[in-house]
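The values are calculated or read from the model by the stated rules, or taken from the named source; none is laboratory data. It should be emphasised that the depicted structure is a prediction, and the values quoted were computed from it without experimental measurement. Backbone-built Cβ (ideal geometry, glycine too); neighbour counts: all protein chains shown. The protein model used for the area step is the full one, side chains on, heavy atoms only, and it has no ligands, DNA or RNA in it. Shrake-Rupley method; radii C 1.70, N 1.55, O 1.52, S 1.80 Å.
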Amino acid sequence: MAKNIQSLERAAAMLRLLAGGERRLGLSDIASSLGLAKGTAHGILRTLQAEGFVEQEATSGRYQLGAELLRLGNSYLDVHELRARALVWTDDLARSSGESVHLGVLHQHGVLIVHHVFRPDDSRQVLEVGAMQPLHSTALGKVLSAYDPVAHSEVLEVEREAFTPRTTTEHGEFEALLDLVRARGWAADAEETWEGVASVAAPIHDRRRMPVGAVAVTGAVERLCPDGELRPELVAAVRDCARAVSRDLGANRF
C-alpha cells in the first residue's frame, strides 16, 4: 500500500485547523495545535500563502484561509448545482429518447462526465461518471469549445487526434465547424470519436449567461442517424433539456 505524503497531510491538517474555531491563528498556535516545529509550520504556511490558500494579516501576523480556496469551493459548488438541477431533466430526456444521456463540463483540456443516465432498457451498461472525453471530436466537447472561451483556447493548443476517418482535425475546418455549432445552437458527433456511436449535445448556461456545461444524448449511429442525418426530434429534445437546466440555473433568457 502506497504511503501518504507527510507534507500534504500536514498542509491539509493546517487548512482544516484554519477552517474551524477562531478565524485567525498565529504561527505558535498553529504549530502547537498540530504538534509541529515552528520552522516546519512556517514553511508549510509560506507555501500555502504563495498558492493563495492562506493569507496573513499584515498587522497581527495571524493566518486565515485565502481566496483561492473560495474559488475552488465555488467551482465545486457550481458543478454540484449543475448536476442537481439537471437530474430531473436528464432523466426525462433519457426516457423520451430511449438513449443514454451525459452531462459534461470542461476539465483539464477535455470533457469530464459528471452525470450519466443509462439508456432505459435492460442492456448491460457501464457508468461513465468521472470519464474524460476529447474536446474536438465529441458533441459535448464541440459545444464547450464553441461557447466557452477557455475551452476554445485549450482545444486549439493541443494536437487534435484523428480517432476515426471522420474526425475533424485541421485548424480551419475545425473553426468552421465551431461557427456552425454556434449558428445552430447544438453539436453532433457521428462516428467521429467511436465507430458506431453518435451523439448530439447542447450548451447549458448559468445566471450570468456563461456556459457551465453541456448535455448530450448518445447511442448507436443506426438509431440516432437512421437516414444518415440526426433525427430532428432528438436535436429538439436535447436543446429543450439544455434550456430547462439553464433556466433552473437562473438563465432566464433560455
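Would you point out which residue out of Glu175, Glu154 is farther than 18 Å from His102 by Cβ and out of contact with any strand residue (DSSP E or B) (no Cβ under 9 Å at 6 or more places or on another chain)?
Step by step, each of Glu175, Glu154 is checked, and only Glu175 is farther than 18 Å from His102 by Cβ and out of contact with any strand residue (DSSP E or B) (no Cβ under 9 Å at 6 or more places or on another chain).
Answer with yes or no whether Gly172 is loosely packed, with under 12 Cβ neighbours inside 10 Å, on the phi > 0 side of the Ramachandran plot and at pLDDT below 95.
no
Look at His109 and say whether it is closer than 28 Å to Asp179 by Cα and open to solvent by 60 Å² or more (accessible area, probe 1.4 Å).
yes
Based on this model, can you work out whether Arg166 counts as open to solvent by 60 Å² or more (accessible area, probe 1.4 Å), among the basic types (Lys, Arg) and under 16 Å from Tyr147 (Cβ atoms)? Working first, answer last.
On the way: open to solvent by 60 Å² or more (accessible area, probe 1.4 Å): yes; among the basic types (Lys, Arg): yes; under 16 Å from Tyr147 (Cβ atoms): no.
Here the answer is no, as Arg166 does not meet what is asked.
Report, by residue number, each residue of segment 138-159 that is modelled with pLDDT under 95 and not in a helix (DSSP H, G or I).
Asp148, Val158, Glu159
Is it true that Ala198 is farther than 12 Å from Glu99 by Cβ, in contact with a strand residue (DSSP E or B) (Cβ under 9 Å, 6 or more places away or on another chain) and of a type in the set (Gly, Ala, Ser)?
On the way: farther than 12 Å from Glu99 by Cβ: no; in contact with a strand residue (DSSP E or B) (Cβ under 9 Å, 6 or more places away or on another chain): yes; of a type in the set (Gly, Ala, Ser): yes.
Judged against the criteria, Ala198 is not a match.
For segment 80-89, check the following and say yes or no: at least one residue is more than 30 Å from Gly52 (Cα to Cα), of a type outside the set (Val, Ile, Thr) and open to solvent by less than 20 Å² (accessible area, probe 1.4 Å).
Yes: one or more hits.
Could you tell me which residue of segment 114-157 is farthest from Asp78 (Cα to Cα), considering only residues that are open to solvent by less than 60 Å² (accessible area, probe 1.4 Å) and over 17 Å from the mean Cα position of the chain (by Cα)?
Ser123
Inside segment 177-216, can you point out the residues that are open to solvent by less than 30 Å² (accessible area, probe 1.4 Å) and in contact with a Leu (Cβ under 6 Å, 6 or more places away or on another chain)?
Scanning segment 177-216 gives Ala188, Ala198, Val200, Ala201, Asp206, Gly213, Ala214, Val215, Ala216.
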